[in-house]
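What follows is one structure encoded as structure tokens, with my remarks underneath.
The values are calculated or read from the model by the stated rules, or taken from the named source; none is laboratory data. As the structure is a computational prediction, the values presented were derived from the model and not from experiment. Every residue, glycine as well, gets a Cβ built from its backbone with ideal geometry; the counts of neighbours run over all protein chains shown. For accessibility, only protein heavy atoms count, side chains too; no ligands or nucleic acids. Shrake-Rupley method; radii C 1.70, N 1.55, O 1.52, S 1.80 Å.
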Amino acid sequence: MSENNEKRRVPLPQKVAGALIYVSQIVWIILSPIVLCLGLGYAAGSRWGNSKMWTMGGILIGVVCSVRNMFVFGKRYIRDLEARRKKEKDDTQ
């Protein structure tokens, strides 16, 4: 009976791996739009001239996309966290 009611704990390596996954996702979410838009801005600037404006525009668009992606990722993370907490609460009762 006590085995079923014991609180299950996640082993430390699994917690570390989960944290590394979230950190790598955050880095990917932030850097990829900035780098891609920067490259597109540079390419457009070298093709049509006025490369500084195109490059700065690309960086600006990349930052806006990164902020939007982080907002969506944060909403999903909070929703999943609340679902896990609710499930744990239901399991303990």
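Here are a few things to note about the model shown:
- Taken over the range 41-93, the residue count meeting the criterion of being touching a residue at least 24 places away in the same chain (Cβ under 8 Å) and either under 23 Å from I30 (Cα atoms) or touching a helix residue (DSSP H, G or I) at 6+ places or on another chain (Cβ under 6 Å) (or both) is 10.
- Screening the candidates L81, L36 for the property of being open to solvent by 90 Å² or more (accessible area, probe 1.4 Å) and either in a helix (DSSP H, G or I) or β-branched (V, I, T) (or both) yields one hit, L36.
- Subset of the range 49-75 that is polar (S, T, N, Q) and in contact with a Gly (Cβ under 9 Å, 6 or more places away or on another chain) - its residue that is nearest to Y22 (Cα to Cα): T55
- Whether a residue is modelled with pLDDT of 90 or more and either open to solvent by less than 90 Å² (accessible area, probe 1.4 Å) or outside any helix (DSSP H, G or I) (or both) was assessed, and A17 does not pass this test.
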